[in-house]
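As structure tokens, the structure follows; a few thoughts come after it.
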Amino acid sequence: MKHIATSLLALALLGAAGHAHAAQNCTIKLAGNDAMQFDQKSVTVSASCPKITIQLAHTGKLAANVMGHNVIVSQTADMAAVTAAALKAGAAAGYVPKDPKVIGETRTIGGGQTTTGSFPGSKLKAGGDYSFYCSFPGHSSMMKGKLVVTK
Ligand code: ZN
């Protein structure tokens with residue numbers, strides 16, 4: 001009898017831990033450096049977040065015109081089209097295109113700077129194939145990661 005009680009308690013604890021783990025994350029927090037790398041390869045957010053915030057810190061020293069970083073969120077299938085549009089938008093636009101394929105974005109920053117952006121979670125679908133990346137010319141081949149979307 002005592003053994004059963006202990007097992008039930010263990011199950012209850014497991015349930016509580018599982019619930020805590022499922023808490024929604026509404027922030028995409030990334031750091032980019034002078035080696036053209038983000039510190040995360042994958043970030044999980046919830047489509048039920050009223051607002052998803054993108055927080056970007058450039059931990060390097062190089063200026064925005066040589067080693068600029070931003071964060072763009074789009075469907076993975078739209079990455080090539082968005083980075084092409086970014087090139088076209090050019091330096092004056094910080095290589096952030098005004099394109100409906102862009103779901104969320106930050107401006108482009110240089111070393112030592114931070115920036116934020118936001119977009120509604122309703123723009124994402126749970127289980128969809130999304131990526132985050134830097135649209136500065138040549139950066140998205142290295143500076144990219146998977147945006148996992150839960151409900
Ligand atoms: Zn970059």
Number of Lys-Lys pairs in the chain under 17 Å by Cα, sequence gap 8 or more or different chains?
-> 20
Angle between the Cα long axis of helix 79-89 and the longest principal axis of the chain, 0 to 90 degrees, nearest 10?
-> 30 degrees
For the chain, list the cysteines whose Cβ sits under 4.7 Å from no other cysteine Cβ?
-> Cys134
Range of Cα positions in the chain per principal axis (Å), largest first | 72, 32, 24
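No value in this document is a laboratory result; all are computed from the given coordinates. Keep in mind that what you see is a predicted model, and the values were worked out from it rather than measured. Note that each Cβ is placed from the backbone with ideal geometry, even for glycine, and that neighbours are counted across all protein chains shown.
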